[in-house]
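Heads up: the structure comes next, in structure tokens.
The values are calculated or read from the model by the stated rules, or taken from the named source; none is laboratory data. Computed from a predicted structure; not experimentally measured. Here the Cβ is made from the backbone with ideal geometry for all residues, glycine too, and neighbour counts use every protein chain on show. For the accessible areas, the whole protein counts, side chains as well, though only heavy atoms, and no ligand, DNA or RNA atoms are used. Shrake-Rupley method; radii C 1.70, N 1.55, O 1.52, S 1.80 Å.
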Amino acid sequence: MPLSTQSQGEDEQYVLVATLDNARNLSNLLKAISFKDHAIFTVTPNGLKVTVEDCKCVQANAFIQADIFQEFTIKEDLIAFQVNLTVLLDCLNIFGGSIVAGISTALRMCYRGYGYPLTLFLEEGGVVTVCKINTEEPEEPIDFDFCSSNVTNKVILQSESLKEAFSDLDMTSEVLQITMSPNQPYFRLSTFGNSGSAHYDYNKDSDMMELFRCAETQTNRYKMSLLKPSTKALALSCKVSVRTDNRGVLSLQYLVRNDDGHICFVEFFCCPDEEVDEDL
């Protein structure tokens, strides 16, 4: 393809070069976390992490491993910059984001270092477009200090069952209440909207439940407005891991299989809204 004909000399000026035969493998993941304009890019030899935050209460991370790219060359141990995510997505879809079989947009993403723009070379049907996106000094992302040793409860579900739950629950509710317990109701989602209270229960032995590991009964509420952006990732995913730690911080980790069959992850962290009576 034309993008691969760039001279080696041109590549030497960049600290990062990453290529994809199908730009949708990146743009779909970025769409799943595009609830704010700005995103922090953190690049290591292991791959790319893109972080979006809101109100210091919710954080989304999209992880794209290095081996998903056809080429992934990094000349520093760590590269970090901030870009306008809306502009980046517009560039990645400059050819219309075609999903026609056999037609895809190839991407070559290059970065020269601090102060330089992020340069995208996009090619489809022999036509090459070059986009340069201004980068900024990255803000320090929130550290939710979410570590596995503090995880109290964890379930892994088929995504279809969670999509079904969200379609049944009352989304006029200001909060989503999540109850996880070693005893009944095991795993319960509750809303309190205009039409009253609604509950959606999962049995720990349900076919939709791949893993059920609950050490203690925990009930927490989370603002629906903060959780709604995660439904974009849910729509793309095939499995979801739901975890809470001893502070009630929620982790939603979505397993996403891209067009080429590779597996990527999108993770959301959300702070609890308030403590609730566990008898509710």
Practice prompt. Past 21 Å, Cα to Cα, is the threshold; run LYS36/LYS56; LYS56/LYS132; LYS31/LYS239; LYS204/LYS239; LYS36/LYS239; LYS31/LYS75 against it and keep the listed order.
Written response: LYS56/LYS132; LYS36/LYS239; LYS31/LYS75
Worksheet entry | 10 Å Cβ shell holding at most 14 others, DSSP loop, GluC sites (Glu not before Pro): longest site-free stretch of the chain | 1-75
Worksheet entry | Dimensions (Å) - segment 143-219, Cα atoms, principal axes, largest first | 39, 33, 22
Fill in: Mean-position separation - Cα centroids, segment 168-247 and segment 125-147, in angstrom
31
Practice prompt. Compute, for LYS132, the solvent-accessible surface of its heavy atoms (probe 1.4 Å) with the complete set of protein chains present, and express it in square angstrom to the nearest 10.
Written response: 140
Discussion item. Counting each pair of different Cα atoms once, what's the Kirkwood radius of the chain in Å, rounded to one decimal?
Written reply: 20.2
Worksheet, complete the sentence: If amide H atoms are modeled at 1.01 Å from N in the peptide plane, then the residues at a separation of 5 or more from THR152, or on another chain, having amide H under 5 Å from its own are THR244, ASP245, ASN246
Fill in: Derived scalar couplings ³J(HN,Hα) [segment 165-175; Karplus, 6.51 cos²θ - 1.76 cosθ + 1.60; whole Hz; x for Gly, Pro]
4, 5, 6, 8, 6, 7, 7, 7, 5, 6, 9
Practice prompt. Can you run the Rg to Rh ratio on segment 151-270? Use alpha carbon positions and the Kirkwood inverse-distance Rh.
Written response: 0.95
Worksheet item: Counting every Cα pair in segment 152-193, what percent are over 14 Å apart?
Response: 54
Fill in: Probe 1.4 Å, accessible area per residue of the chain, Å²
47
